[in-house]
Amino acid sequence: MDTIVDVDLGDPDLYATLGRHTRWREFAVADEIVWSGPGSSPAGFWSVFSHRACAEVLAPSAPFTSEYGMMIGFDREHPDTSGGRMMVVAERDPHRALRRIVGPLLSRASARAMAARVRAEVHEVLDRVLDEPVCDVADAIGPRIPAAVVCDILGVPAADQDMLIGLTNHAFGGADELFEGMTPRQAHTEILVYFDELITTRRGRPGADLISRLVADDGLTTEDVLLNCDNVLIGGNETTRHAITGAVHALANVPGLLARLRDGSADVDVVVEEVLRWTSPAMHVLRVSTEPVVLCGRDLAAGTPVVVWLPAANRDPAEFADPDTFDPARSPNRHVAFGHGVHHCLGSALARVELSIVLRELATRVSHVELVREPDWLRAIVVRGYRSLPVRFVGR
């Protein structure tokens, strides 16, 4: 089934309230493909919402590519200049080559090895905030842990991490009024300038970090290294920060969840998967068809941009019973919070480790979490994120 709508689904104002879930669910239940005309995207785009259709577009064998760009605004006639050079917008051999460099530092084994580092960062953050009368999780906890970890992977000095956190916030939340005075493009430029200087340093003094590994590859130009540093920084920080904030939101919303985590009656790994499904921070990804294809009953020509709405797929009633409810025991849980197919998020194992440690540490140190008020949401289309989540932690 397909629908022509007048609303531009790339308008960030549509996603600043929980009304977004109603819209997404209606489209997902109908298994619709929806057209948005020119506006946020120069030539318009189609959108899919059901779990079935989203998985179909992202499947490894699907006739779609990310090379023209992965976000609303790009298409075959208006491509991302990073296409084929940055891992998230590369396909085939260039994509495989970059995964071979980046993958070992983000693998499951590396994530497990970093658990002690993550735990130390969680301890430090919680020591600062647990005794405060009110803690805004979206500011004081959510961004701190993943940013510190991904900066360690990249080799960013600790003294520069707060600055980079601010820039990544701007880069992905720049449509929100919190970030007036800097556009996402300007934030990306600042990030690239910073990494250009760090790359020069690493050429003279290489280490065991990712930048040193990228610099050592003769097949990559300095600009290629810059682009992939930017990709890893934003990918490793921006979505995980909102998942961590959402995990605390769930602890405040679900009666007894902290106690169940503490006594072991709730499986932490299962709860982590539900946090990922329920928060689903990566809001959309874009693909462009490489050949004529039929999607949701509509014939699409080669070169057609299609947007996959991941949070809609993760609350599709056809796949998830009572999808708006946070179910700590949900199994199976075939969410697509990390995408699907060859571009499945390379940092997923690290995000899971971070979330599991946050949940375990809070269960150990906190009796319960009280919402001071309902969250404020970012006005953004790239991440489904929290502007603020003020809570009160009650110690054990």
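Couple of notes before you dig in:
- If you run the Gaussian network model on the chain, springs between alpha carbon atoms under 10 Å, then out of Ala312, Ala147, Ala363 the most flexible one is Ala363.
- Loop sites in the stretch 44-123: GluC sites (Glu not before Pro), DSSP, at most 11 other Cβ within 10 Å: Glu77
- Per residue of the chain, the DSSP helices (runs of n ≥ 4 H) give a summed -39500 (n - 2.57) that works out to -14500 deg cm²/dmol at 222 nm.
- Cβ-derived FRET efficiency at R0 22 Å, Glu190 paired with Arg100, nearest 0.05: 0.15
- Likely footprinting exposure, Trp309, Trp377, fewest C-beta neighbours within 10 Å first: Trp377, Trp309
- Rg/Rh for the stretch 276-357 stands at 1.04; both radii use Cα atoms, and Rh follows the Kirkwood definition.
- Candidates Pro375, Pro94, Pro332: whichever shows maximal mean-square fluctuation once the chain is modelled as a Gaussian network with Cα springs under 10 Å: Pro332
- Taking Val215, Val336, Val88 as the candidate residues, the one with maximal mean-square fluctuation in a Gaussian network model of the chain, Cα springs under 10 Å, is Val215.
- Within the stretch 325-396, the proportion of Cα pairs with more than 16 Å between them is 71 percent.
- Net charge in the neighbourhood of Val358 (other residues with Cβ under 12 Å of its Cβ; Lys, Arg +1, Asp, Glu -1) is +3.
- Calculated SAXS-style log₁₀ I(q)/I(0) at q = 0.13, 0.14, 0.23 Å⁻¹ - the stretch 270-322, Debye, Cα scatterers: -0.45, -0.51, -0.88
- Alpha-carbon Debye profile of the chain, log10 I(q)/I(0) at 0.14 Å⁻¹: -1.30
Throughout, read-outs are computed from the coordinates displayed, never taken from laboratory work. The shown structure was predicted, so the numbers you read here are calculated from the model rather than taken from an experiment. All Cβ positions, even for glycine, are placed from backbone atoms using ideal geometry, and neighbour counts span all protein chains on display.
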